[in-house]
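Chemist: Take this structure first; my questions come after.
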Amino acid sequence: MAELYENYSLKKHNTFGIEASAKYFFEFESQNEICDFLDKNNIVDTNYLILGGGSNMLFTEDFDGLVLYPCIKGIEILEEDENTVLLRVGCKEDWDEFVAWCVERNYSGIENLSLIPGVVGASPVQNIGAYGVEVQEVIEKVEAVSIESRSPVTFNKLHCEFDYRNSVFKNEYKNLFIITHVQFRLQKQAQFKVHYGAISEELENYNEVNLKIIREVIIKIRESKLPNHEVLGNAGSFFKNPIVEKEQADKLKAKFEAMPTYEISDFETKIAAGWLIEQCGWKGKQIGNVGVHNDQALVLVNYGNAKGYEVLKLANDIRKSVLFKFGIKLEMEVNAI
């Protein structure tokens, strides 16, 4: 059922746990409800924001506008054969609960993305990824509603323009479409990807390898590195791992031999942002109510009553120090509003 609220608190709608409010907050549970709302309220030229699980959002002040909050749920099998299954999933389904649902049914393709916070509708926007897997590998279509035309539209994979932690929905289509459903093509014959990070090492403690065990291992690894946002406010990895030209990476590697690098092509190299931040002395550092996590330098945390602008200042100070020491500009994964 659709509801419109005024002066609505957003604290429970962002994993940083930042206190902020929205002037208007519209919550809806179906495509028809949002289309009807848009027909009656022309919001194209107004200040509005589309909000999912809030796991990639930093509110630096109150939002003087309209927040659109889709709550469309459900998992539907559209197609199925002996090799694959095509699922249509509502945007408000919890991402990790969806991964668990798939693993339980031996649907393979997203098990490496276990324990990533957020909702299904946000997964194509960010092109979420972890442990050698990106969600673009299994997305077939993205269903949305156009705010301008107030009508449903479907994007195929090519239209989404997926890239590293990026998509068309973060760029030219940002805030122009409300994602309502995502279609995933998953495999029934599992093809494990276990050679990234500490997965293969952890699997040596098991007598067999299957989807449930891989999910268990990845959850164990993530829990050992990342704080629970319900206990300590955070948005997971705050920065992207920078991708630089191979020549620049080679020069840095010659100067800093321990620097973790990953060649992604003959011309580009990915560098571990957490290592760069740690070398600048930020890991475990606390400044007032904000800080950098003790176990993972990529994670900025709210130690209690932090304001959004305090988190943003810390992020910018970190970026300046990494630029000064390494000549690398860090990009934020988190959206500052």
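Chemist: Only one of these conditions is not met by Val301: (1) farther than 26 Å from Ile18 by Cβ; (2) assigned to a strand (DSSP E or B); (3) at pLDDT 90 or above. Which number is it?
Modeler: Among (1) farther than 26 Å from Ile18 by Cβ; (2) assigned to a strand (DSSP E or B); (3) at pLDDT 90 or above, Val301 violates only (1).
Chemist: Would you point out which residue out of Phe59, Phe63, Phe16, Phe25 is within 19 Å of Gly308 (Cβ to Cβ), modelled with pLDDT under 90 and buried (at least 21 other Cβ atoms within 10 Å of the Cβ)?
Modeler: Exactly one residue qualifies, and that residue is Phe16.
Chemist: Same structure again: Within segment 88-103, can one find any residue that is free of Cβ contacts under 8 Å to residues at least 12 places away in the same chain, more than 18 Å from the chain's Cα centre (by Cα) and farther than 30 Å from Ala198 by Cβ?
Modeler: No - not one qualifying residue is present in segment 88-103.
Chemist: To continue, here is another question. Which of the residues belonging to segment 245-278 are assigned to a strand (DSSP E or B) and surrounded by 20 or more Cβ atoms within 10 Å (Cβ to Cβ)?
Modeler: Residues satisfying the conditions are Thr269, Ile271.
Chemist: Checking Thr15 against (1) more than 28 Å from Glu134 (Cβ to Cβ); (2) hydroxyl-bearing (Ser, Thr, Tyr); (3) part of a loop (DSSP other than H, G, I, E, B), only one condition comes out false. Which one?
Modeler: Failing condition for Thr15: (1).
Chemist: Every residue in segment 230-244 that is among the polar types (S, T, N, Q) and either assigned to a strand (DSSP E or B) or in contact with a Pro (Cβ under 7 Å, 6 or more places away or on another chain) (or both), please.
Modeler: Asn234, Ser237
Chemist: Counting only residues that are free of Cβ contacts under 8 Å to residues at least 24 places away in the same chain and outside any loop (DSSP other than H, G, I, E, B), which one in segment 173-209 is farthest from Gly74 (Cα to Cα)?
Modeler: Result: Glu201.
Chemist: Give just the number: which of (1) over 30 Å from Tyr8 (Cα atoms); (2) out of contact with any strand residue (DSSP E or B) (no Cβ under 7 Å at 6 or more places or on another chain); (3) surrounded by fewer than 17 Cβ atoms within 10 Å (Cβ to Cβ) does Glu79 not satisfy?
Modeler: For Glu79, the exception is condition (2).
Chemist: Can I ask one more? Restricting the search to segment 30-40, which residues are without any contact (Cβ under 8 Å) to a residue 60 or more places away in the chain and either within 24 Å of Val142 (Cβ to Cβ) or not assigned by TED's automatic domain parsing to the domain that holds Gly54 (or both)?
Modeler: Selection gives Ser30, Asn32, Glu33, Asp36, Phe37.
Chemist: Residues of segment 91-120 being within 23 Å of Phe28 (Cβ to Cβ) and crowded, with 23+ Cβ neighbours inside 10 Å, which ones?
Modeler: Cys91, Trp95, Val119, Val120, listed by residue number.
The values are calculated or read from the model by the stated rules, or taken from the named source; none is laboratory data. What you see is a predicted model; the values in this text were computed from it and never measured. For neighbour counting, all protein chains shown are included, and Cβ atoms are generated from backbone atoms with ideal geometry for every residue, glycine included.
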